[in-house]
1. Give, as residue ranges, the helices (runs of 4 or more DSSP H) completely inside region 66-159 that count at least 1 residues that are modelled with pLDDT of 95 or more, surrounded by fewer than 18 Cβ atoms within 10 Å (Cβ to Cβ) and charged (D, E, K, R).
2. If residue 54 passes every condition in (1) in contact with a Lys or Arg (Cβ under 7 Å, 6 or more places away or on another chain); (2) modelled with pLDDT under 95 but one, which one does it miss?
3. Which one of 64, 94 is of a type outside the set (Lys, Arg) and over 28 Å from residue 29 (Cβ atoms)?
4. What single numbered condition from (1) more than 21 Å from residue 89 (Cα to Cα); (2) within 13 Å of the chain's Cα centre (by Cα); (3) not in a helix (DSSP H, G or I) fails to hold for residue 22?
5. Limited to region 113-145, what total is found for residues that are in contact (Cβ under 8 Å) with a residue 12 or more places away in the chain and more than 20 Å from residue 71 (Cα to Cα)?
6. Is it the case that region 44-63 has a residue that's part of a strand (DSSP E or B), in contact (Cβ under 8 Å) with a residue 40 or more places away in the chain and buried (at least 21 other Cβ atoms within 10 Å of the Cβ)?
7. So residue 39 ticks every box in (1) closer than 24 Å to residue 131 by Cβ; (2) in a helix (DSSP H, G or I); (3) in contact with a Lys or Arg (Cβ under 7 Å, 6 or more places away or on another chain) but one. Which box is left unticked?
8. Please verify whether region 89-105 includes one or more residues that are among the charged types (D, E, K, R) and more than 21 Å from residue 45 (Cβ to Cβ).
Amino acid sequence: MAGQVVEGTNDGISAVAPPKKVLVIDDNHTIVELIRHAVQMHGKFNVIVAYDGVQGLEQFYSEHPDCVIVDVKMPRMDGYQVVRCIRGDSASAHTPLIILSAMVEEDDQLTGLLSGVDEYLAKPFKPSVLCATLDRVMQITPEERERRMTQLASGAQDQ
């Protein structure tokens, strides 16, 4: 996969930056391949995969992805736990996170948002929506992410 061209290097030659990495964590191999295909066709990201939450965290800390797409219902550790582990570590707290799940009730989505994800998408998904969401969460600043989490937490306490 081609990297992104970075203009304005000191020697006047354009450098090629490596593509960003997205970690996909889902126990359904078919879904993983659908996500991998959609993200790679988007052309901006390389995809790393894991098939349960524990393996996902291992991949996260060894590969240092730029974004994570995670399912909720998985063996050994669910997606909410994965998100809380990533958000609870100051070194990774601002990593963009997306839940992609068949659990689409309002309570499920609220639980996901309160666990720290930037977006909660429903399965089945449209590849174009997933890629647009991926682009959007990659643009969120750490300050915006922190402000949104504070607002969500205070709103949940009021209920």
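The values are calculated or read from the model by the stated rules, or taken from the named source; none is laboratory data. Source: prediction; values computed, not measured. With ideal geometry, Cβ positions are generated from the backbone for all residues, glycine too; neighbour counts draw on all protein chains shown.
1. By residue number, 127-138.
2. Every condition holds for residue 54 apart from (2).
3. Only one candidate qualifies: 94.
4. (1)
5. So the count comes out to 3.
6. Restricting attention to region 44-63, the residues satisfying the condition of being part of a strand (DSSP E or B) are 45-50.
In the following step, the residues that additionally are in contact (Cβ under 8 Å) with a residue 40 or more places away in the chain were identified as 45-46.
Still in the running and buried (at least 21 other Cβ atoms within 10 Å of the Cβ): 45.
Checked region 44-63: at least one residue is part of a strand (DSSP E or B), in contact (Cβ under 8 Å) with a residue 40 or more places away in the chain and buried (at least 21 other Cβ atoms within 10 Å of the Cβ).
7. The failed condition is (3).
8. Our first condition is that a residue be among the charged types (D, E, K, R); within region 89-105, this holds for 89, 105.
Subset that is more than 21 Å from residue 45 (Cβ to Cβ): 89, 105.
Yes: region 89-105 contains one or more residues that are among the charged types (D, E, K, R) and more than 21 Å from residue 45 (Cβ to Cβ).
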